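Have a look at the structure below before the remarks.
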Amino acid sequence: MKNARHLVGRSLTWLVVGVAVFTGVLATLPVPEAAEAPARGVPEETFAIVDVTAFDGEAFRQGWDVWVEDGRIRHAGQRLDLPEDLPRVDGRGHTLIPGLIDGHVHSFLSSLRDALRFGVTTVLDQSTDPAFAAAMRPAREEVARGAQADLFSAGMTATAPEGHGTQYGIPVETLTGPDEAAEWVRARKAEGSDWIKIIYEDGSAFDMEIASLDGETVAAVIAAAHAEGLAAVVHVSTLETALEAMAFGADGLVHVWRDEVVSEEDARRFAEADIFVVPTLSVMVSADDPAVAELVRETDEAMLSPIQRQTLDGRFPGGLGEGGDVAMENVRRLRAAGVRLIAGTDAPNPGTGAGISMHGELRLLARAGMGSAEALAAATSVAADAFGVAERGRIAEGHLADLVLVRGDLEEDVSRSHDIVGIWKDGYLVDRAVASAGAGFQAEIARAPAETLIADFEDGFEASFGAWDVTTDQLAGGSSSADVAVRDGALVVTGEIAPGAAFPWAGVIWMPGAQPMQPVDFSGREAIRFRTRGDGRQYSVMLISSAEPAGPPPTVTFVAPEEWTQVEIRLEDFPTATPEVIAGLAFVAEGPVGGFFFEVDEVEVR
């Protein structure tokens, strides 16, 4: 079962929020009716896109040729003297833009692929595990064929004990006072943080109480970041904290506030301070907003991965979009005052999807008064400049050939941005069909066998279909352990939960598919039933619907008492839109630290 264990490890990397420590096929490019199609497949690496309307990061340029050589832009301009044998793509009737830069995401491996499939070639991650950011760094530093967006990140975020950002399971070194700021920032720089992100959030804008850093500590972290040559951005949700962060010297604010409308005088103060703002309107307005809903309807369902569909369908409890009108008005006023605004989505929060939501963000920025060039600049050059992301965000000599060709005239209508004809990353054509392979798996997913009994363990560590295996947090760098044995026709699971992992776990997993972590359709089934006994501790059943979930999978707990008892968990009790789709069922201990013992028998999905 060695191979199965490896795949299980990949599937459970949600336990550290996606810390996965780790061909293009040329397609015929659709071109406008007035132009002739390329004689062969679309060129890549060294080629030219000719006679195209180009947005170069600042303005629209008519009739441009863009010459790409070895994955970089060699020249761009009108009527270039191109070599006769240089492969060409006719750009008439299309708009060419730099690869989009999402200014606010939280990433995991498949979200980087999802982003690229929608023309987002670079993401600016505002909080992730430093190990994941380090693992993704080599891809952004070389010009080569790849299947995912480049990642730049703040890494670990600065927050208070039990403050916002500590609830996701990522290890966070919190701060309790300003005297800790300098050492904390030096540690982040050593880990590879590209900038510093600070949480200044007490929950008051959401009728919540959240532990927060005090103003003196926020100011100290900003000063320490600048001393180390790093920019500092601050998460805020109120006008008061936004003004304070500006006074402390923050370089940027990552979210616009929703509690009150900024005055024209204060908007001018933000502009004079040269502070930038990433409004993240995608999570500020309702996910049911007509502009956003229309974008999803206009998108080919086959282009959306299961995770994108899951997060787009999600909603914040209580409706985060209720302050959307205030947020939108604040963006209008900041823009009118000349504040630098950056397009960012905060994907994959509920109501958003990696990549696709950038096109919704462009629509929302346009509604806030931005012209097409202004909105596209917010998603390309302005973002690159603000965060110091070199060689991206512009169609200019020497820049990476991260390019998106869009059907039609984006200058006239920026809402066309999602009508993508072709994407090049580092000069290589992104095969969107390959990138979305498996996206339609729910329509083709194998149906479960009629058998409802998974295992009674009368014949050992076997299942009527699928396979069992051990799973522990050692697959994500932890030290917990588990052993299994079959005694008296029951599965005995023993082990130890060890400290040190973000989310310690140990136990067993059943995978129903013909291949490890292959989803299976259990439509018509209603419950998971099994017998258990053990040491009296609380354990968890985790329902994994996809080989690469967007976050922690839905979980239902149970107690293993000293005497045998029957447990029945209804599938609808798992908080997911697709509980009938099962790639794995894990029976695990998650804590506290120490030894554990439980048995399971007569496992059914009925």
**Request:** Tell me, please, whether a residue that is touching a Phe, Trp or Tyr at 6+ places or on another chain (Cβ under 8 Å) and open to solvent by 30 Å² or more (accessible area, probe 1.4 Å) can be found in segment 394-410.
**Result:** no
**Asked** Going by the conditions given, is G165 on the phi > 0 side of the Ramachandran plot and not in a loop (DSSP other than H, G, I, E, B)?
**Response** no
**Request:** Just name the residue that is farthest from W67 (Cα to Cα) out of those in segment 367-388 that are surrounded by 18 or more Cβ atoms within 10 Å (Cβ to Cβ) and in contact with a helix residue (DSSP H, G or I) (Cβ under 7 Å, 6 or more places away or on another chain).
**Result:** A368
**Message:** For segment 495-526, which positions are assigned to a strand (DSSP E or B) and either aliphatic (A, V, I, L, M) or open to solvent by 10 Å² or more (accessible area, probe 1.4 Å) (or both)?
**Reply:** G495, E496, I497, A506, V508, I509, M511, V520, D521
**Item:** Set A247, A242: member being of a type outside the set (D, E, K, R), in a helix (DSSP H, G or I), open to solvent by 50 Å² or more (accessible area, probe 1.4 Å) and in contact with a helix residue (DSSP H, G or I) (Cβ under 9 Å, 6 or more places away or on another chain)
**Value:** A247
**Fill in**
Scanning segment 201-223 residue by residue, those within 15 Å of T159 (Cα to Cα) and either in a helix (DSSP H, G or I) or open to solvent by less than 20 Å² (accessible area, probe 1.4 Å) (or both) turn out to be E201, G203, L213, G215, E216, T217, V218, A219, A220, V221, I222
**Prompt:** Looking at V605, V567, which one is open to solvent by less than 10 Å² (accessible area, probe 1.4 Å) and modelled with pLDDT of 95 or more?
**Reply:** V605
**Message:** Go through segment 45-88 and report how many residues are open to solvent by 40 Å² or more (accessible area, probe 1.4 Å), assigned to a loop (DSSP other than H, G, I, E, B) and over 20 Å from L410 (Cβ atoms).
**Reply:** 10
**Message:** Please determine whether any residue of segment 32-39 is modelled with pLDDT under 95 and under 23 Å from A373 (Cα atoms).
**Reply:** yes
**Request:** Quickly run through segment 554-595 and pick out the residues that are part of a strand (DSSP E or B) and either under 19 Å from W468 (Cα atoms) or of a type in the set (D, E, K, R) (or both).
**Result:** T555, E568, R570, V581, I582, G584, L585, A586, F587, V588, A589
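What is the residue count in segment 137-155 for residues that are in contact with a helix residue (DSSP H, G or I) (Cβ under 7 Å, 6 or more places away or on another chain) and at pLDDT below 95?
3
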**Message:** Take R531 and tell me if it is part of a loop (DSSP other than H, G, I, E, B), open to solvent by 40 Å² or more (accessible area, probe 1.4 Å) and charged (D, E, K, R).
**Reply:** no
**Item:** Entirely in segment 321-430, the helices (runs of 4 or more DSSP H) that have 3 or more residues that are touching a Ser or Thr at 6+ places or on another chain (Cβ under 7 Å)
**Value:** 356-367
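The values are calculated or read from the model by the stated rules, or taken from the named source; none is laboratory data. These figures come from a predicted structure and were not determined experimentally. In this analysis, Cβ positions are derived from the backbone assuming ideal geometry, glycine residues included, and neighbour counts consider all displayed protein chains. When the accessible area is computed, the model is the full protein with side chains, heavy atoms only, and any ligands, DNA or RNA have been set aside. Shrake-Rupley method; radii C 1.70, N 1.55, O 1.52, S 1.80 Å.
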